[in-house]
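Worksheet for the structure shown next.
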Amino acid sequence: MATNRRLETELDFQEAMEQERTVRVFKDDEMIEAGGLIIRFDASMVAIQSSVSDLGYYDRHYCEFYELRR
């Protein structure tokens with residue numbers, strides 16, 4: 001069974017990036033990204049790559065990030 005874990009701290013984002021966990025992004029209670037991997041993050045944004053040519057940048061203050069664990 002898959003579980004979701006909210007990513008909030010720098011350590012959470014670092015762990016999800018290093019372990020190549022699938023991430024879901026929500027904004028205003030709507031899922032705007034699913035199935036990507038975190039490739040970079042800082043205090044204000046998170047870069048998520050869903051495919052070779054699909055790269056999204058999301059604001060950490062306006063979005064919620066969840067790691068999908070199987």
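The values are calculated or read from the model by the stated rules, or taken from the named source; none is laboratory data. Fair warning: this is a prediction, and the values are worked out from it, not measured in the lab. Cβ placement follows ideal geometry from the backbone for every residue including glycine, while neighbour counts extend to all protein chains displayed.
Listing for the model above:
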item: Of all residues in region 19-28 being of a type outside the set (Lys, Arg) and touching a strand residue (DSSP E or B) at 6+ places or on another chain (Cβ under 9 Å), the one that is surrounded by the most Cβ atoms within 10 Å (Cβ to Cβ); result: VAL23
item: Positions within region 13-70 being in contact with a Leu (Cβ under 8 Å, 6 or more places away or on another chain) and closer than 16 Å to THR3 by Cα, in sequence order; result: ALA16, GLU20, ARG21, THR22, VAL23, ARG24, PHE65, TYR66, GLU67
item: Residues being free of Cβ contacts under 8 Å to residues at least 24 places away in the same chain and loosely packed, with under 15 Cβ neighbours inside 10 Å - total across region 50-65; result: 8
item: Condition broken by LEU68, with the remaining ones in (1) at pLDDT 95 or above; (2) surrounded by 10 or more Cβ atoms within 10 Å (Cβ to Cβ) satisfied; result: (1)
item: Matching residues in region 1-21 - criterion: being part of a strand (DSSP E or B) and either acidic (Asp, Glu) or over 15 Å from ARG60 (Cβ atoms) (or both); result: THR3, ASN4, ARG5
item: Filtered residues of region 32-49 (kept if of a type in the set (D, E, K, R) and either part of a strand (DSSP E or B) or surrounded by 13 or more Cβ atoms within 10 Å (Cβ to Cβ) (or both)); result: GLU33, ARG40
item: Residue within region 22-31 that is at pLDDT 95 or above, among the hydrophobic types (A, V, I, L, M, F, W, C), in a strand (DSSP E or B) and more than 11 Å from the chain's Cα centre (by Cα) present; result: yes
item: Count - residues of region 58-70 that are over 10 Å from the mean Cα position of the chain (by Cα) and either of a type in the set (A, V, I, L, M) or part of a strand (DSSP E or B) (or both); result: 2
